[in-house]
Amino acid sequence: MRHAESETQRPLPNAAGWRFAIVVARFNQAITGRLREGAEAALKEAGVAAGDVEVYDVPGAFELPQAARAAAELGQFDAIVCLGCVIRGATPHFEYICSSVAHGIQDASGETGVPMAFGVLTTDTWEQAEERVPDGRPNKGFEAAAAALEMAALFRRVRAGARR
């Protein structure tokens, strides 16, 4: 079994009562909407109530870090799932956007102390993006939410240990 296959079979933590934000880009919405569905399915499977999930739509992937940081600064969320889709074009724009988004999300998470999952597809073609949003656990939105759940659980354990 490949590593990716074993990760999709890993049980999700029980996150009933935990709060999550999903920040999703509207650009390439046919793909990002499916990422959102996958993320919501993972959170539901983990016992997170629909009322404990706040969804923030942003224009594109570039705006994800800004919105994720704003959500984290509210102090209400155990983790944030960032979802977007950037498809390579004929100019270097792809590299700039992908790098900025990845670094921005990482910086926002580190500076706010709130785990943020990177669910941004960076593909060469539309077809590659479509392949990454099937129904069920192989959906990259599901995988991003699963990572957010795991990190939220880890942060809870670390913070509980720090208080003793």
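No value in this document is a laboratory result; all are computed from the given coordinates. Everything numeric here is computed off the predicted structure, so don't read it as measured data. FYI the Cβ positions are ideal-geometry reconstructions off the backbone, even for glycines, and counts take in every protein chain you see.
Note the direction-averaged projected area, equal to a quarter of the hull surface, for the Cα convex hull of the stretch 14-157, in nm². Let's see the in-between values first.
On the way: hull surface 30.6 nm².
Mean projected area of the Cα convex hull: 7.7 nm².
Counting helices only, and only those DSSP H runs with n ≥ 4, report the 222 nm mean residue ellipticity of the chain as the sum of -39,500 (n - 2.57) divided by its residues, in deg cm²/dmol to the nearest 500.
Values: 6 runs with 84 residues, N = 164.
Value at 222 nm, helices only, nearest 500: -16500 deg cm²/dmol.
I'd like the distance between the alpha-carbon centres of the stretch 68-103 and the stretch 15-50, rounded to an integer number of Å.
Here the answer is 15 Å between Cα centres.
Please work out how much length the chain gains when fully extended from ARG159 to GLU54, using 0.36 nm per residue of separation minus the C-alpha to C-alpha distance, in nm with one decimal.
Numbers: separation 105, 0.36 × 105 = 37.80 nm, distance 2.33 nm.
Answer, rounded to one decimal: 35.5 nm.
Can you check what the net charge comes to around ARG36, using other residues whose Cβ is under 14 Å from the Cβ of ARG36 (Lys, Arg +1; Asp, Glu -1)? Don't skip to the answer; put the middle values down first.
On the way: positive: ARG26, ARG34, LYS44, ARG132, LYS140; negative: GLU37, GLU40, GLU54, ASP57, ASP135, GLU143.
Cβ neighbours under 14 Å give a net charge of -1.
Which value, in debye to the nearest 20, describes the size of the charge dipole of the stretch 14-157 about its Cα centre when Lys and Arg Cβ atoms bear +1, Asp and Glu Cβ atoms bear -1, and nothing else is charged? Before the final figure, lay out the partial values.
Details: 12 positive and 19 negative charges, 37 e Å.
Approximately 180 debye in magnitude.
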